[in-house]
Amino acid sequence: MIEALLNYNFLQNAFFSAILASIACGIIGTIIIEKQLVMMSGGIAHTAFGGIGLGYYLGIEPLIGALGFAVLSALGIRRLQHKTHITPEVVLGMFWALGMALGILFIAFTPGYPPDITSYLFGDILTVSRLDLIITIIMNLIIVGTIAVFFNAFKTYLFDEEFAQVIGLPTALLENIIYVLVALTVVVLIRVVGIMLIIALLTAPPSIARQYTYSLHHTMILSIALGIIFCLGGLWVSYVMGIPSGAAIIVIAVATYFIISVIKNPARASHI
Amino acid sequence: MKTVVELENVSVFYGNVRAISDISLKIEEKEFLGIIGPNGSGKSTILKLIAGLVKPSSGSVQVLGLPPCNTHGKIGYVPQRFNLNRDFPFSVTEAVLTGRLTKHNLFMHQYADTDFTAVEDIMHKLEIYDLKDRQIGQLSGGQMQRVLIARALVMEPEILLLDEPTASLDAGSKSHIYSLLKDINEYITIIMVSHDMGVVSSYVKSLACLNVSLFYHGAPELTDTLLGQVYGCPVELLAHGVPHRVLPQHGEGYHD
Ligand SMILES: Nc1ncnc2c1ncn2[C@@H]1O[C@H](COP(=O)(O)OP(=O)(O)O)[C@@H](O)[C@H]1O
Ligand SMILES: [Mg+2]
């Protein structure tokens, strides 16, 4: 495999995108666990499918469409949850299904032979293109940069939103930023594990990591390391056995999570 | 004496629920004000108004001569309920440290050595220094309460707001906290909601009795009639400084 990695461009792309995806995933995954935005992230991911469809329909890069849909739906969901009396879960559920429905409609409207959408739904890290990689790098720079530069503000906000407000932190802005960063992370992960499987890769590494450390940045770093292990492991299994990479990554991640939770802390294994 | 908090004809509605109604209240610098009143009488709402967490539906609120949304860093707040994330990967030290953060230097912010020193000092004062490396989820209710008081004090605020700060403390810790507050009161204004009426009246300098409207604001001497009015039931008032008790046949509706 090492030799293949040196020789084949597609494997190099896969390798680097696995590492980049794990970085975004470790940082944002930790935040969504602490802020209980797991389902929210699932919703944004599925809504992004509308953007994939729109991309095909307009003949632009589907990931760019996904980026637009993910960011707008993240901000839209947040706004509706705050500014209306609709139950937040209902808002989320509606966006979730609407995004998928729009995606399918756009693809149906697209003239010609229907494109293969399974690589967006379930990921295919072996088909990551140079453009995908560039998008991933930009998203990562934004995510890592934002969190690193305002780390103490985010930390205070994630711990106690009310207190953050009392000391004058711009809590609404911080929340919006987190939602947008979740959207960017979703875009990074679509090629790696696919829309349907994103939630597991976002949550498994930090859920394991937080059983080993009581510090936020250690949780993030450990999550990144675990993400890299899961993604490269999945990539290897998928390359060697010729099975779908997204599914391989998720099975490894989730299995590891359950095994570690049961071994490490039987009493805590029942709740995340 | 300087007025540090001024409420003028303030009402607050949560949707249709009227939490407080037409309250006017002036609080002087270095006052130690105790606020008492039955459940749902708007005590927490008053503190949230002053902290800038709740906006008045009508009337005006001035804190240190400013609207409450401009007083950040000058107001320390210890909430009644812990709306915070107790599973957060944070040690006690880190939780208290967040009291040193201000909105002015968030960009690439690092805590300074002086921040750590201030945090250590305050943890010693509140007798939580032994817990400094403990994860915040592993604290008892009383320990957590002291951590939150420490976090508010380490801000070095001009006004300290405490919402039932001793509700989950044992008797010894209570009097320790109260005497600590009394010392701190030499420099800062303290506004405290409490149900320990007996204790409150022996530590505070003034008292406010609240039940949606403000029934009394003045020296900490209460009469039967007043408490009866506020709590809506006869209250047996014993000597000053001794806990007052609600008559047994009207036992409900007093405590949280
Ligand atoms: N966030 C809220 N939404 C709706 N009603 C609220 C909210 N907070 C408080 N209330 C209502 O306002 C009233 C006053 O509440 P509060 O200030 O918490 O009283 P206290 O602290 O004296 O028990 C109560 O009737 C309560 O039910
Ligand atoms: Mg209250």
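Please treat every number below as a calculation from the coordinates, not as lab data. Note that this is a predicted model, so its numbers are computed, not measured. Reconstructed Cβ throughout: ideal geometry from the backbone, glycine too, with neighbour counts over all protein chains shown.
Rank-order B:190-202, B:42-54 by packing density, defined as the average count of other C-beta atoms within 10 Å over each peptide's residues, highest first.
Values: B:190-202: 20.9, B:42-54: 22.8.
Most protected by this proxy first, the peptides run B:42-54, B:190-202.
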Going by alpha carbons, how many degrees (0 to 90, nearest 10) lie between the helix axis of B:171-184 and the longest principal axis of chain B? 80 degrees
Under a 10 Å cutoff between Cα atoms, tell me which one of B:PRO220, B:PRO67, B:PRO89 has the largest fluctuation in the Gaussian network model of chain B. B:PRO89
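Taking each residue of B:79-86 in turn, how many C-beta atoms of other protein chains fall within 10 Å of its C-beta, and what is the average?
Details: counts 4, 0, 1, 2, 4, 7, 7, 2.
Per-residue shielding by partner chains comes out at 3.
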What order do you get for B:CYS69, B:CYS209, A:CYS231 when you list them from fewest to most C-beta neighbours inside 10 Å? B:CYS69, B:CYS209, A:CYS231
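If the limit is 27 Å between Cα atoms, which of A:LYS155/B:LYS2; B:LYS43/B:LYS74; A:LYS264/B:LYS125; B:LYS43/B:LYS205; A:LYS155/B:LYS43; B:LYS103/B:LYS205 go over it? Walk me through the numbers before you get to the answer.
On the way: A:LYS155/B:LYS2 36 Å; B:LYS43/B:LYS74 21 Å; A:LYS264/B:LYS125 37 Å; B:LYS43/B:LYS205 18 Å; A:LYS155/B:LYS43 30 Å; B:LYS103/B:LYS205 33 Å.
The answer is A:LYS155/B:LYS2; A:LYS264/B:LYS125; A:LYS155/B:LYS43; B:LYS103/B:LYS205.
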Kindly provide the pair-distance distribution of the protein assembly as shown built from C-alpha pairs, with 10 Å bins from 0 and whole-percent values in order of increasing distance. 4, 17, 23, 21, 16, 11, 6, 2, 0, 0
Where a Cα-Cα gap under 20 Å defines reach, which aspartates and glutamates qualify for A:LYS35, not counting those fewer than 8 residues away within the same chain? A:GLU89, A:ASP160, A:GLU161, A:GLU162, A:GLU175, B:ASP87, B:GLU94
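Filter the DSSP H helices in chain A by two things, a Kyte-Doolittle mean of at least 0.0 and an axial alpha-carbon span of 27 angstrom or more, and list the hits by number.
Values: long enough: A:9-34 (37 Å, 1.54); A:38-58 (31 Å, 1.01); A:62-83 (31 Å, 0.78); A:88-109 (31 Å, 1.95); A:130-149 (28 Å, 2.08); A:171-193 (32 Å, 2.23); A:216-241 (37 Å, 1.70); A:245-264 (28 Å, 2.09).
Span-like helices, by this rule, are A:9-34, A:38-58, A:62-83, A:88-109, A:130-149, A:171-193, A:216-241, A:245-264.
Averaged over its residues, how many other protein chain Cβ atoms are within 10 Å of peptide B:46-57's Cβ atoms?
Numbers: counts 0, 0, 2, 0, 0, 4, 3, 4, 0, 0, 0, 0.
Rounded to a whole number, the mean comes out at 1.
When you count, for each residue, the other Cβ atoms within 10 Å and take the mean per peptide, how do A:200-208, A:42-50 rank with the highest first?
Values: A:200-208: 25.9, A:42-50: 28.0.
Those peptides, ordered most packed to least, come out A:42-50, A:200-208.
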Would you list, by chain and number, the aspartates and glutamates whose Cα falls below 12 Å from the Cα of B:LYS182, excluding same-chain residues fewer than 8 positions away? B:GLU31
Quick one: check the C-alpha center-to-center distance for the range B:191-205 versus the range B:1-71, whole angstrom. 18 Å
Packing-wise, with mean Cβ within 10 Å as the measure, how do A:11-19, A:143-151 rank, highest first? A:11-19, A:143-151
B:GLU156-B:SER140 pseudo-label distance in nm [points 7 Å out on the Cα-to-Cβ vector]: 3.3 nm
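Stretch A:ILE243-A:ALA148 to full length: gain in nm at 0.36 nm per residue minus the Cα-Cα span?
Details: separation 95, 0.36 × 95 = 34.20 nm, distance 3.67 nm.
Contour length minus the Cα-Cα distance gives 30.5 nm.
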Using alpha-carbon coordinates, inclination of helix B:113-125 to the longest axis of chain B, degrees: 40 degrees
Shielding by partners for A:163-175, please: the mean number of other protein chain Cβ atoms within 10 Å of each residue's Cβ. 6
Positive-end residue, the range B:84-156 charge dipole about Cα centroid, Cβ charges, pick of B:GLN110, B:GLY141, B:LEU97: B:GLY141
In deg cm²/dmol and to the nearest 500, what is the mean residue ellipticity at 222 nm of chain B if only DSSP H runs of at least 4 residues count, each as -39500 (n - 2.57), divided by the residue total? -8000 deg cm²/dmol
